[in-house]
Structures are given as C-alpha cells and as structure tokens.
1. Tally the residues that are closer than 30 Å to residue 69 by Cβ and open to solvent by 30 Å² or more (accessible area, probe 1.4 Å), restricting the search to the stretch 35-49.
2. Given (1) modelled with pLDDT of 95 or more; (2) open to solvent by 30 Å² or more (accessible area, probe 1.4 Å), identify the lone condition not met by residue 52.
3. What residue, among those in the stretch 66-104 that are in contact (Cβ under 8 Å) with a residue 40 or more places away in the chain and of a type in the set (A, V, I, L, M, F, W, C), is farthest from residue 156 (Cα to Cα)?
4. Take residue 85 and decide whether it is in a loop (DSSP other than H, G, I, E, B) and modelled with pLDDT of 95 or more.
5. Mind checking which residues of the stretch 92-116 are open to solvent by 50 Å² or more (accessible area, probe 1.4 Å) and of a type in the set (Val, Ile, Thr)?
6. Would the stretch 78-89 turn up any residue that is within 13 Å of the chain's Cα centre (by Cα) and buried (at least 21 other Cβ atoms within 10 Å of the Cβ)?
7. Please go through the stretch 81-110 and give me each residue that is closer than 27 Å to residue 43 by Cβ and charged (D, E, K, R), ordered by number.
Amino acid sequence: MAGAVLTVGIMLGVLAPVTGSTAAWADGPQHVTSTITFDFTVPAGAVCDFAIRNVGTVSDNVVIFPDRMIDHVVIHAAHTNVATGFTLTETDHATTFTAADGQVKGVGIEFHLRTPEGKIVVVHAGQIVVSATGEILKFTPNFNLDLAAVICPALGG
C-alpha cells in the first residue's frame, strides 16, 4: 500500500538534486541511498470506510545513469485499522527502471501482508509498465492497481 505512494515521493525528493544537471554525470553513474520513516493516518472514507494508520520505514537505493535509472525500494510497514486496532505488517521489495524516454517499469512485491502471528493474508507481486504520459502499457494480473480492494478487506473492512 505504502509502496506506490512513497516510491514516487522518494524518487522526486532524492533525485531532484541530480536530474537535469549535466555536471551530475561528469563522474559516471550517481548512487543515491536514503532511508525515511513515516507515520500517518488515512482518514475514514479516503480509501476504506475506516481510518488506517500507517507506520514504517522506506529504504531507497538508486543508481542514476545518463540514459536510465534503477531504483530499489524496501518498505517495512504496519497498517492498523484505527477502529478495531487490528494490524497487518508487510515487507515489500520493488525495483523501478526508468528509461531516458520516461517509460517506467516496476517489478516486485507490492503487498506482502501478515497478521501479528505471522500468517500471510495477502501477497501481490508482478510487473507494471507505464509510459512517460502515464498510460499503463502492461501489468501482470497479480499486480493489483486497486488499493482499496486489497487493503480494506485485509484489515477487516
């Protein structure tokens, strides 16, 4: 859940200083790593009919070439149904390849939700390819694009 939203934000924040700068490429590929933590609540009605608290850490490892970028993200998160206190945890691994023309291919584990006892509740993994204009060119069936359809039932909604 946090993966799709955070990956875009991280990429923009981490890469803004080096993208578009010819000088940034003078010494070859750039390697940027960062780790951030997050703690936010999505209000009831925004995704599910109950509020969801999301707490976690994102580790981002980006290699930037003049003609492409490779971004590997690892997310450790806990999602809590605020109304019931029920919590699911997840560890997601995803890699995004961005071509010079702006086409983006994302592959990896989008959801890997577990109960506090360690029981796997939901696993969604696969691939998505998006054009520079935002058109979805390809996605595998187990790469669910509907966040609410995954997280709401899993958290008891």
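1. Of the stretch 35-49, the ones closer than 30 Å to residue 69 by Cβ are 35-40, 42, 47.
Filter once more, so that each one left must be open to solvent by 30 Å² or more (accessible area, probe 1.4 Å): 35-37, 39-40, 47.
The qualifying residues number 6.
2. All conditions pass for residue 52, except number (2).
3. Only one residue tops the list, namely 69.
4. Values: in a loop (DSSP other than H, G, I, E, B): yes; modelled with pLDDT of 95 or more: yes.
Yes, satisfied.
5. Quick first cut of the stretch 92-116, residues open to solvent by 50 Å² or more (accessible area, probe 1.4 Å) only: 93, 97, 100-101, 103, 105, 109, 114, 116.
Of everything in the stretch 92-116, just one residue is open to solvent by 50 Å² or more (accessible area, probe 1.4 Å) and of a type in the set (Val, Ile, Thr), namely 109.
6. Step one: list which residues in the stretch 78-89 are within 13 Å of the chain's Cα centre (by Cα), which gives none.
No: the stretch 78-89 contains no residue that is within 13 Å of the chain's Cα centre (by Cα) and buried (at least 21 other Cβ atoms within 10 Å of the Cβ).
7. 90, 92, 110, listed by residue number.
To keep it simple, each residue is scored yes or no on (1) out of contact with any Asp or Glu (no Cβ under 9 Å at 6 or more places or on another chain); (2) open to solvent by less than 70 Å² (accessible area, probe 1.4 Å).
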position	(1), (2)
61	no, yes
76	no, no
135	yes, no
146	yes, no
149	yes, yes
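The values are calculated or read from the model by the stated rules, or taken from the named source; none is laboratory data. As the structure is a computational prediction, the values presented were derived from the model and not from experiment. Ideal geometry is used to build each Cβ from the backbone, glycine not excepted, and the neighbour counts take in all protein chains shown. To get the accessible areas, we keep the full protein, side chains included, count just its heavy atoms, and leave off ligands, DNA and RNA. Shrake-Rupley method; radii C 1.70, N 1.55, O 1.52, S 1.80 Å.
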